[in-house]
1. Just to be sure I understand the model, the point goes 7 Å from the Cα along the line to the Cβ. What's the resulting B:Glu71 to A:Glu126 distance in nm?
2. Return the carbon/sulfur percentage of the accessible area of the stretch B:3-149, one whole number, probe 1.4 Å, all protein chains in place.
3. Rounded to the nearest 5, what is the percent of antiparallel bridges among the DSSP beta bridges in the protein assembly as shown?
4. Which helices, counted as full DSSP H runs in chain A, have an axial Cα extent of no less than 15 Å and a Kyte-Doolittle average of -0.5 or above?
5. Give the interface area between chains A and B as buried accessible surface, both sides summed, probe 1.4 Å, in Å² to the nearest 100.
6. The stretch A:90-121: which residues show an accessible-area loss of 40 Å² or more, assembly versus chain alone, 1.4 Å probe?
7. Which residues, if any, in the stretch A:21-37 lose at least 50 square angstrom of accessible heavy-atom surface (probe 1.4 Å) when the other protein chains sit next to their chain rather than the chain being alone?
8. Give, in nm to one decimal, the length gained when the segment between B:Ala179 and B:Val130 is fully stretched (0.36 nm per residue of separation minus the Cα-Cα distance).
Amino acid sequence: MPGIDECLIEVMRLPGARGAAVVDWTSGLALGTIGESPNGDHEATAAETAEVARMAAEQPVFAQADAPGGPPGPPAPAVEDVIVTTAPGYHILRFVETAFDSSVFLHLWLDRAEGNLALARIRLGEIAERLVLA
Amino acid sequence: MSPTATTRPDLPEGAAPSPMLQRLAAERATGALMRDRGTLYLADGQVVHAESPATPGIDVLLTTGGALRSEGWWDAVAQAGAGQRVGRYLVDSGRVPGGALELCHLGALYDAAFFALAPTHTPARFRYGVSHWIGPVRPVPVHAVQRETLRRRELLNRIWPDALTDSAPLSPTSHPVDAPVPPRQRRVLTLVNGERTATDIAQELGRSAFHILVDLRRLAAAGLVEAARPATAGPASVSAHSRVTLPEVTADPDVALLRRLRDALEAL
C-alpha cells in the first residue's frame with residue numbers, strides 16, 4: 001500500500017465507514033483525513049481524539065507487564081486500539097507502530113447500524129500494519 | 001470518495017505567522033523562504049519541505065529508530081540527490097515503505113515549520129526557484145502549516161505557560177515523583193542533565209523536537225524539570241550595589257511551595 005491517502009481510501013471501503021483520519025497523538029495534528037467528521041471539523045476532531053489516544057497510551061494500567069528489563073530502544077506501544085461506542089456510532093483508534101519514533105494512530109468513525117465492529121477492528125489493524133510495512 | 005485536504009479560509013490578516021508566506025502561496029511561488037530559525041521550501045505555493053537547526057532532520061529520524069541504516073541514507077543521497085528525488089528513491093528502492101516515508105516526512109515538515117515560523121525581528125528572504133533535494137513527498141497547503149503552527153503554540157501554553165524549557169539547558173529538580181511518568185517522558189527525563197537543551201534531546205532520541213517540547217512542558221508542569229541556572233551569576237553581585245534590601249516580590253510563583261500546599265490541601 002503506497003501511502004496515507006491509499007490507506008484512508010481502503011478504510012472507507014469498510015461497511016458503515018463514515019470518516020477516517022491519520023492523527024499524531026502528541027501534537028493532535030491530522031496528517032490525512034477522508035469522509036465526514038462527527039463535528040464537521042476534521043482538525044478539531046483530530047485534536048480531541050488525540051487526547052483520548054494519549055490518555056490510553058500513557059496509563060500505567062495498560063502498560064505491558066514485561067516492560068522493565070525489556071530490549072532497549074523505543075518502547076513498543078502497549079495499547080493496540082481504543083474503542084468508544086456512542087448511540088449512533090463506533091470510534092476505533094488504532095495505534096500505528098513505526099520503525100522510527102512516532103505517535104500515530106488511525107481513527108475510524110463507523111455507523112452503528114451499518115458497521116460491523118469486529119470486522120472493522122481486524123481490518124483496521126491490518127491496514128495500520130500495511131501503511132508502514134510495504 | 002477521495003481524501004480531502006481540509007479546506008478552510010485563510011487566517012485573518014495579521015494573525016498569520018508570516019504574511020510573506022501568505023503572499024508567496026497566493027502567487028504560487030516556488031523557492032526557499034529563509035527565516036531566522038529555519039527554511040520553508042515551496043513548490044507551486046505549497047510547502048514541500050522544511051528544515052530548522054532546532055529539529056532533527058528526516059535522516060536523523062529515519063536512522064535513529066532503525067527504519068533505515070545510515071549507509072542506505074547516504075546511498076540514496078548519492079544516487080538521487082542531484083536529481084532531487086531522494087524521497088522517491090528511498091521508496092522505489094525498497095528502503096523505506098511509502099506510508100512510513102510520508103508519516104516521517106510530514107512529521108519533520110511540521111516540526112521544522114513550527115520553529116521556522118517562530119516570531120522574529122529578522123527579515124525573511126525568499127530565493128525563487130530553489131528546490132530541496134528530498135524531492136516531492138506530500139505537499140501541504142501554506143494555510144494548514146500556518147494554522148498548525150499557531151495551534152501548537154497554544155497547546156504548549158495550555159500545558160505549561162513558561163517557554164523557558166523550550167530553549168534553555170535543563171536540570172532535573174529534586175522534587176519527588178508523585179505520579180508515574182509515562183515511558184516516553186521518562187526517556188526525555190533521563191537525558192536532562194543540566195546541560196542539554198530540548199534540541200539536544202530531540203537529536204539524541206531521534207524524535208520530533210516539538211514532541212520533546214510537549215514532554216518537557218509536561219515535566220515542568222509536574223515540577224520535575226526546570227531551566228538550569230547559570231553557575232556564575234551569584235547573588236553576591238546583586239547585594240553589592242543595593243543599599244536597602246527590600247523583600248523580593250516575584251511574579252513567578254514558587255512551584256514547589258504551591259505543590260506542597262496542594263498536596264496538603266488534598267490530604268485534608
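1. 3.6 nm
2. 51 percent
3. Percentage antiparallel, nearest 5: 100.
4. Membrane-span-like by this rule: A:42-58, A:117-133.
5. About 3100 Å² of accessible surface is lost on pairing.
6. Output list: A:Ala99, A:Phe100, A:Asp101.
7. A:Thr26, A:Ser27, A:Leu29, A:Leu31, A:Thr33
8. Taking B:Ala179 through B:Val130 to full extension adds about 12.7 nm, to one decimal.
The values are calculated or read from the model by the stated rules, or taken from the named source; none is laboratory data. On a predicted model such as this, the values are computed, not experimentally measured, just so you know. Every residue, glycine as well, gets a Cβ built from its backbone with ideal geometry; the counts of neighbours run over all protein chains shown. Quick note on the areas: whole protein, heavy atoms, side chains included, nothing else; ligands and nucleic acids left out. Shrake-Rupley method; radii C 1.70, N 1.55, O 1.52, S 1.80 Å.
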